[in-house]
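Accompanying notes for the structure given below.
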Amino acid sequence: MFWRFVSFDSRGTATLVTAIITAVIAVATLTPLPTAIDAPGSDKLHHFLAFAALSYPASAHIRRFSWPIVLASTAFGGAIEIIQPYVNRSGEFLDFAADCVGVLIGVALALLVVRRK
């Protein structure tokens with residue numbers, strides 16, 4: 001039962017979860033801030049976890065490595081870093097690097113879970 005849930009057998013569920021995670025990332029990273037937020041943990045860790053979570057559902061549903069998922073997720077991360085200076089945030093290359101690593105780990109983890117199922 002657990003493996004079926006985390007492998008996103010339903011296309012609709014995988015799409016919905018991916019859309020929700022995309023919206024949460026967009027709001028969290030593109031909302032203008034009057035002052036910097038002092039969130040616990042490393043900013044890079046937050047980027048890594050967010051983008052691993054973003055790429056996981058679709059990859060688990062497809063059940064194979066997918067360049068479109070990797071490219072779309074990394075393009076989204078890159079677009080965020082480009083837009084951030086225009087909304088009183090700082091865009092950083094290392095944030096984008098953490099996004100990319102997170103995407104690859106999310107895809108790899110999804111493939112491991114699907115194979116275990």
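The values are calculated or read from the model by the stated rules, or taken from the named source; none is laboratory data. Note that the structure is predicted; figures quoted are calculated from it, not measured. Every residue, glycine among them, receives a Cβ derived from its backbone with ideal geometry; neighbour counts consider all protein chains shown.
Which ones in segment 91-109 are in contact with a helix residue (DSSP H, G or I) (Cβ under 6 Å, 6 or more places away or on another chain) and either in contact (Cβ under 8 Å) with a residue 60 or more places away in the chain or not in a helix (DSSP H, G or I) (or both)?
Scanning segment 91-109 gives a single hit, Gly91.
Test each condition in (1) in contact with a Ser or Thr (Cβ under 7 Å, 6 or more places away or on another chain); (2) at pLDDT 95 or above; (3) not β-branched (Val, Ile, Thr) for Ala52 and report the one that comes out false.
(1)
Tally the residues that are buried (at least 16 other Cβ atoms within 10 Å of the Cβ), touching a residue at least 40 places away in the same chain (Cβ under 8 Å) and in a helix (DSSP H, G or I), restricting the search to segment 63-84.
Here the count works out to 3.
Go through Gly91, Gly12 for me and flag whichever is of a type outside the set (A, V, I, L, M), modelled with pLDDT under 90 and touching an Asp or Glu at 6+ places or on another chain (Cβ under 7 Å).
Only one candidate qualifies: Gly91.
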